[in-house]
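Only one structure is covered here, and it is reproduced in the block below.
What follows draws every value from the coordinates through simple rules; no lab data is involved. Bear in mind the structure is a predicted one, so any value in this text is a computation, not a measurement. With ideal geometry, Cβ positions are generated from the backbone for all residues, glycine too; neighbour counts draw on all protein chains shown.
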Amino acid sequence: MTDRSRPRPGPPREYRFPHFTRHVLSNGVRVVAAPVTKLPLVTVMILVDASATTETAGQYGVAALTARLLLEGAGDLSGAALADRFERLGAIIEAHANWDVTAISLTVMRSRLREALALVRTLVREPTFPTRELERAKHERLAELLQQLAEPRTLADDRFTDAVYRSDARYARPEEGDPASVRAITHDTVRAFHASTYAPAGTTLIFAGDISEHDAFELAANMFTDWSSPPAIRPANAPDAARTGRIVRVVAKADAPQSEVRVGHRGPPRTVSDYFEATVMNAVLGGLFSSRINMNLREVHGYTYGASSAFEWRRGAGPFVIHSAVKSEVTGDAIREILLEVDRIRDVAIGAEELSLATSYLDGVFPIRYETTSAIAAALANMTVYGLSDDYYDTYRAHVRGVTAEGVLRAARTHLRPEHLQIVVVGDPAVVASPLETVTGLPVDITRPDEAALPL
Amino acid sequence: MHIPIETFRLGNGLTVVLSEDHTAPIVAVNLWYHVGSANERPGRTGFAHLFEHMLFQGSANVGSNEHFELIQRAGGTLNGSTWLDRTNYYETVPSNQLETALWLEADRMGYLLPAMTQQKLDTQRDVVQNERRWSMDNQPYGTWWERLPALCFPPGHPFHHSLIGSMADLDAASLDDIAQFFSTYYTPDNAVLSIAGDFDAATARQMVDRHFGPIQRGAARPSLPDMSVSPTFGGPRREVVADDVMLPRLFVASRSPVFGSDDYYAASVCGAILGLKKGSRLFRTLVREHEVAAEVSSFTYDLTKGSDLLVIDVMARPETSPENLETQVHQQLDLVVSEGVTENEVERAIALIETDLVVTLQSAGDRADRLSLFATYFARPELINVQTEKYRQVSVADVNAFIDERLIPSNRASLLYVPRSAAAIRSSDELVLEGAR
């Protein structure tokens, strides 16, 4: 047999995150330009300080609806006409609001950028929110909520969120609103939300791709300098108050062949000081394919197709969640293994091999994350939304490499709190309730999907 | 758009495609084996995919799950996927780690069997059965994956049966099956290796020679049975499925020209006209104007043998009955047949497709995968560079010719999902907005 000894890699070639430059228009609109000349494509992302956490109580979902409706009528163009104009340019346009920001994202061939961006200008600044389109968007959101009742994955996510946060916290409710709040939204609500949040002072334009800094700044100035509106109002609120007390909940789906499992609690906000330690800790626990939880549940026990854990990073304290879908009969066993893994990573420092696997992965994969113009724009958007320093991406890899096993242990002890873990299972109560009670030693609360999702 | 391509073949029959791009220190390795669920024998549905899982369970010089660990330790991403007529395995790694990826792929192509054990097979069988539950059995509408091909290809046709496989067939898979499948299909002369990104061609060639060169060519493979089917169904087909779903959903599939044929491009453009994004015909009419649907999309399977399928996928709004959904979708398709499409619609579709082709080429992994695709199916990886041109040549007349021949009622297979439970009907009443139709 030929020599099958393992190859040794040479030194890595140097990589730098694309260089970018900042600029501020006279009306306060911020511009970031990252020229990347690989292919004749440009992505422009417009960030607006309007999000689920800037909504007023009773209007939950208005940020998402407003973003979505930007594409449904603007200036003298109807939604159908707007779609046709963008698409004849081959432009990919999307508008979404999440917990922290509204992002309008355009990807287009360089030669058609000016024309496409002029359309974007109109929809950001002069949306018309036609009543018919608003009603249709509301219907579609309600249809989505209805679908969720039969969709174990999203149902589990939704019921888990509800178990983690206090019922009056914004994070406890769906990002895009619940049936009652969506029904209550009117044309006036949307218009008022747009008027009070879409403003130059809270807006950032990010250009990534085949465009020079000069051209990007000039385009931005042409389209957005003559925009004035009152400064954005950001209501002060605490979106992330956690529920007190443990919940072990089964959302009933009779005869389910599999249980959708969520285990977790409130995690830290994105700006937490030991972000890198927490990230490496999570990679070892459940972030990587080779992580402890996936290896245990999938490769040792064959309970599941996959199991993972994640911090959902937000400005506020987003959830930490472990998720899996396991064969119904082993639901109790799977939860026991998950709880053991949480205890284990808090008890003893991880080994050198585990640490180096996680850090060398996060270090090495860095350039692979920024192959596309939209990925680069999204990275710059993160920087803007979470207030990361300008050298954040240049120092990212050194920070990752600097994480120690002791730092990881500290992060595990700080950010994982077994006594607060909430457990939600969408599955067959006849099969899973009793094992869950045995494993957790806590009473099991059995609910129905429609009781959980529909307002009383 | 033109990407550089260099192709050569090793003595053992392995086709190798190289495409350099030094913009970032990243390289993608991509292997296609020309085998998929179509090659499975009766009683072994799902085996090609189960086998894909076993390829991550180690080989002569690689421990169980070590493939994943070594690539992730190298700072790379990886996976594999199984399709009706091919299986692929791929890694994207920092460019200095190219040889590690090649060594790993060569080890499992050449020396897999010593690492196979009954315990590993039993565990992966459990994992795959859980994958089936997750993606299909416990997922609303999930069974469309196996129902639609079964509806469109006759029993016994290699595309008729389930790709993920039945629980019973998965239970029946043995280590003997693994050995036989491996020696039959996982041979260098049945594979294409593509490398795209930051590497030096001469060095890469030496690495490929070193690691793949010693692997033995395979014996003759059993050929697939005759895959040909008539160009149309010859009459409408229909299946109604009562499922644990809240909203009706309709798939309409038409037999269409195989991927790679000249006529394929008109079919693909027609699909984009009907269901790609908000400016599409069906979005405009069913979602925006008639307000009977919540979502619309379309896609082609991109099959290269027998027949391709063009599929329309429409999700109803809560107040739309299954019957109404079906009627309205077919009415729109009938209108397209009677009126044809416009210049404007064709231009819109081609503009979107062109952008998508360029967007896809940004990533080394996608480039390598497309090169493997064209090399596997047509022995012409350079076809990657003429796709835009092929689409630009599609005219209104081409699309209308496709429509006249293939979008007609006698070439439509309808797969309609309807909510099973009375609870769904009750909840749906509550969720309908006041004043709605």
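Annotations for the structure displayed:
- Between 0 and 90°, nearest 10: helix B:118-132 axis offset from chain B longest Cα axis: 20 degrees
- Rounded to the nearest 0.05, the FRET efficiency derived from the C-beta distance between B:ALA60 and A:ARG8 at R0 = 25 Å is 0.85.
- P(r) of the range A:349-456 over all Cα-Cα pairs, binned every 10 Å from zero, in whole percent: 11, 23, 22, 22, 21, 1
- Within chain A, the whole DSSP H helices whose Cα atoms reach 20 Å or more along their own axis and whose mean Kyte-Doolittle score is at least -0.5 are A:331-347.
- Computed over the range B:1-154, the convex hull of the alpha-carbon atoms projects to a mean area of 12.4 nm².
- Dividing the convex hull volume of the alpha carbon atoms of the range A:1-118 by its residue count gives 250 Å³ per residue.
- Helix B:422-431 vs. chain B, principal-axis angle (Cα, 0 to 90°, nearest 10): 70 degrees
- Local electrostatic count, B:ARG205, Cβ distance below 14 Å [Lys/Arg +1, Asp/Glu -1]: -3
- Inter-site label distance for A:ASP390 and A:ARG166 at 7 Å from Cα along Cβ, in nm: 4.0 nm
- Placing unit charges on each Cβ (+1 for Lys and Arg, -1 for Asp and Glu) gives the range A:170-232 a dipole about its Cα centre, and among A:ASN222, A:ILE211, A:TYR171 the Cα reaching farthest toward its positive end belongs to A:TYR171.
- The calculated P(r) of the range B:237-431, using every Cα pair and 5 Å bins from 0, goes 1, 8, 15, 18, 18, 14, 11, 8, 5, 2, 1, 0 in percent.
- For the range A:21-224, the pair-distance distribution built from all alpha carbon pairs, in bins 10 Å wide starting at 0, is 9, 33, 32, 20, 6, 0 percent.
- Centroid-to-centroid separation of the range A:407-453 and the range A:31-84 [C-alpha atoms, Å]: 37 Å
- For the protein assembly as shown, the alpha carbon convex hull comes to 155 Å³ per residue, rounded to a whole number.
- Cβ-based net charge around A:GLU144, under 12 Å, with every Lys or Arg adding one and every Asp or Glu removing one: -3
- Taking the longest Cα principal axis of chain B as reference, the axis of helix B:343-360 is set at about 30 degrees.
- Based on the convex hull around the alpha carbon atoms, the range B:176-248 presents an average projected area of 12.0 nm².
- Taking a ≥ b ≥ c as the square roots of the eigenvalues of the Cα gyration tensor, chain A is oblate, since a/c reaches 1.5 or more and a/b is not larger than b/c.
- Most mobile listed residue (B:GLY275, B:GLY43, B:GLY76) in chain B, GNM with C-alpha springs under 10 Å: B:GLY43
- Restricting the calculation to Cα atoms, every distinct pair contributes to the Kirkwood radius of the range A:10-61, found to be 15.3 Å.
- Between the range A:282-298 and the range A:139-166, the Cα center-to-center distance that results, in Å: 26 Å
- DSSP-assigned coil residues among GluC sites (Glu not before Pro) in the range B:75-154, each with at most 16 further Cβ atoms within 10 Å: none
- Cα-Cα separations in chain B greater than 40 Å, expressed as whole percent: 24 percent
- In this simple spin-label approximation, A:ASN27 and A:THR131 carry label points 7 Å from Cα along the Cα→Cβ vector, and these lie 2.9 nm apart.
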